[in-house]
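Values in this text are rule-based calculations from the coordinates and carry no lab data. Computed from a prediction, not measured in an experiment: that's the story for all the values here. A quick note on method: Cβ atoms are made from the backbone with ideal geometry, for glycine too, and the neighbour counts reach across all protein chains shown.
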Amino acid sequence: MTAPVRTRSSEDLIRAEEPVLAHNYHPLPVVVSRAEGVWVEDVEGRRYLDLLAGYSALNFGHRHPALIAAAHEQLDRLTLTSRAFHNDRLAEFAERLAGLVGLDMVLPMNTGAEAVESGIKVARKWAYDVKGVPADRATIVVAAENFHGRTTTIVGFSTDETARAGFGPFAPGFRIVPYNDLAALEAAVDETTAAVLIEPIQGEAGVIIPDEGYLTGVRELTRRTGCLFVADEIQSGLGRTGRTLAVDHESVVPDVLLLGKALGGGIVPVSAVVANRDVLGVLGPGEHGSTFGGNPLAAAVGTAVVDLLETGEFQRRAAELGAVLRDGLTGLVGKGVVGFRSRGLWAGVDVDPALGTGREVSARLMGEGVLVKDTHGSTIRLAPPLTITEDELLNALATLGRVLERSV
């Protein structure tokens, strides 16, 4: 990266945000001004290894050349038409994305929360039109400790009181059961159930990986009871876990797949609901929409993302380097780490609470040039770009070890 253009200092910029930005985030005190690959720079020119990757939105790293080229080429031609008209990029994007995940049709949207909201609407419409659930009686079963977004509908079925408190009243029609508990799930499903909506791996909860066979059990249960299996792969999908999708680890194909984050290549917000024709076909003109959903720029970048994933390179890298990550974290257990969960290049690391909160550990790592993000309690999340090298990953793990050792 070339030297950053000198602007106001990090301290000045952080102070300037205070009176003009809503305080709905509590970021680490680093002000990023440039980035490339797995590295970011702050306004003073200090470099940091990014082990968060935008919560998996940057699976291919910052400014991946193929994605930047696709965006530049499209910027010179056409950016937005709205879905009032057709555009020449959307059909290929939908065809290629559907083919990548083995389903028929795509409903393009923008953000992950929009994909989840759209998936909920599709499931309810399917329940009324196809399953025959009486009007306004459809229910959706979700898992405790879920994270599907921040809209009022979604936080209404969250079990995180910080996300819920002060935002009611909430929409009815959701039943919450413990995650990774097939018996509880089966008890909650009845003739009104439109869908079971789960994350194959719960990201915000701390990278919680269910027991082997759980996803297969969800698939079997939903098929047997006549409801949809909706898999939220917005964080876990598109190479992160060493497969194209997290459900691929159990060779499970959900009825409805929710994608986002990495689908936009770290350039533009792109999300999608992907399903077979007998499910997505329930939507008719005027029943759902989005001004920016499926715009030409998003379709061009999304198609370039599919290009990268079709080679299998990133899935292989995530699997191979995931073994390095797992081995490195295993070596830190008992040395400041009390436990961890990992799959591919994604891990939730539980730090000994005596050494500090997850926020405090993240701040110490930032001081050593490594960026991570805390979640509940003393847990930190690691989700580096899939372009990280083995040496960079080993150096980051060594830095984590040093930070924990100094905290004792």
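Data overview
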read-out	value
Inter-label distance, nm, simple model (7 Å from Cα along the C-beta direction), K131/E320	4.4
Computed lengthening from H288 to T162, 0.36 nm per intervening residue step minus Cα-Cα distance	42.4 nm
Length released on extending from E36 to I208, taking residue separation times 0.36 nm less the Cα-Cα span	59.0 nm
Mean residue ellipticity (222 nm) of the chain, computed from DSSP H runs ≥ 4 via -39,500 (n - 2.57), nearest 500	-10500 deg cm²/dmol
Packing-based exposure ordering (other Cβ within 10 Å, fewest first) of V282, V130	V130, V282
For Rg and Dmax of the Cα atoms in Å, calculated from these coordinates, the label among (1) 21.3, 63; (2) 20.3, 60; (3) 22.6, 71	(1)
Separation in nanometres of the label points that stand 7 Å from Cα toward Cβ, at T151 and L80	1.9
Tilt relative to the chain, helix 390-407 - C-alpha long axis, 0 to 90 degrees, to 10	70
Across K121/K373; K131/K261; K121/K261, pairs whose alpha-carbon gap is larger than 29 Å	K121/K373; K131/K261
Packing-based order for 26-35, 120-129, 134-143, using average beta carbon neighbours within 10 Å, highest first	120-129, 134-143, 26-35
Estimated inter-spin distance, N24 and A66, nm [label 7 Å along Cα→Cβ]	3.4
Antiparallel %, DSSP beta bridges [both residues in the chain], to 5	60
The chain, relative contact order in percent, only Cα pairs under 8 angstrom and at least six apart counted	22
